[in-house]
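Readers should treat all values here as calculations from the given coordinates under stated rules, not as data from a laboratory. The structure presented is a predicted model; accordingly, all values stated were derived computationally and were not measured.
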Amino acid sequence: MIHNLAQRIASWLGKELQQEERAAVMAYGLELLLGAGVKVVCFVTIPLLLGIFPQVMAVLLASVVFRLAAGGAHCTAYYRCLIGSLTTFTGLGFLARWLSETDIPAQGMALAAALFAVIVALFRAPADTPAKPITREGHRRALKIISLMVPLCYIAVTWFVPLRGDLVAASALGLAFQSFTVTPAGYRFIEWLDVFLGRLHSILIPGKGGVKNAV
C-alpha cells in the first residue's frame, strides 16, 4: 500500500515539476518517508492508548541503539516488520511494568542484559543480512567496537543515573531482545515470525501475502 501510494505521488510530482525521469528516485524517498511516518504514529499512539508509552519508549531506545551497530535479523516486508516489532515492544512494555512490581532488582536485569549484549557483540556482531551485507572490513571492525561500547555505556547510565525501575527494566528487556536477534536462534525466530505473518496476511487478504505486495 505504501509502495503504491509513493509511486502515485512521485508520478504526479514528476509531471508537475516536469522531472518525470526522477520519479523513481522520488518514489523511493517518499516510500521511506511514509513508512517512517506510519511507524512513528503507531509507536506513539498505541502505547499511549495502552498506558505504557514510557516503557515502550525505553524498550525501543535500548533496542534501536544496539541494533544500529550490531545489526540483526529482519523481516522481509515492511508490514511484517511493523506488526512484529510493535507487538514485541508492546508486550515487553507490559512485561517491564509488571516486573517493576516484583522483587526482581531492575539494576540486576540491566547488568544481565548488558553482559548478554557484550557476549553477543564479541562473537556475533555485526550481523548482516543478504539484503544489507557488510562488505568493507574496516566498517565491520568499527561496528563491532561500537556494538561493544553500547552495553558498557548502557550499564553506566542505568547504574549511575537515577531512573525509574520500570524504565530500567524496560530498557534491559529491549537490549536483551535485540541481542537475541543477532544470534542464530534469533535469526530463526525472526524467519519463523516472517513466514507466520505472511501466511496470516494471505489468509486475511487472499492474493496479497507476497513480499511484493506487502508494502
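Overview of results
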item: Distant-in-sequence amide H partners of residue 71 (H built 1.01 Å from N, under 5 Å); result: 127
item: Karplus 3J(HN,Hα) series, Hz, for segment 95-101 with 6.51 cos²θ - 1.76 cosθ + 1.60 (x for Gly, Pro); result: 5, 5, 5, 5, 5, 5, 9
item: Relative contact order computed over segment 101-165 (Cα-Cα under 8 Å; 6+ residues apart), in percent; result: 47 percent
item: Relative contact order (%) - segment 51-204, alpha-carbon pairs under 8 angstrom, separation at least six; result: 45 percent
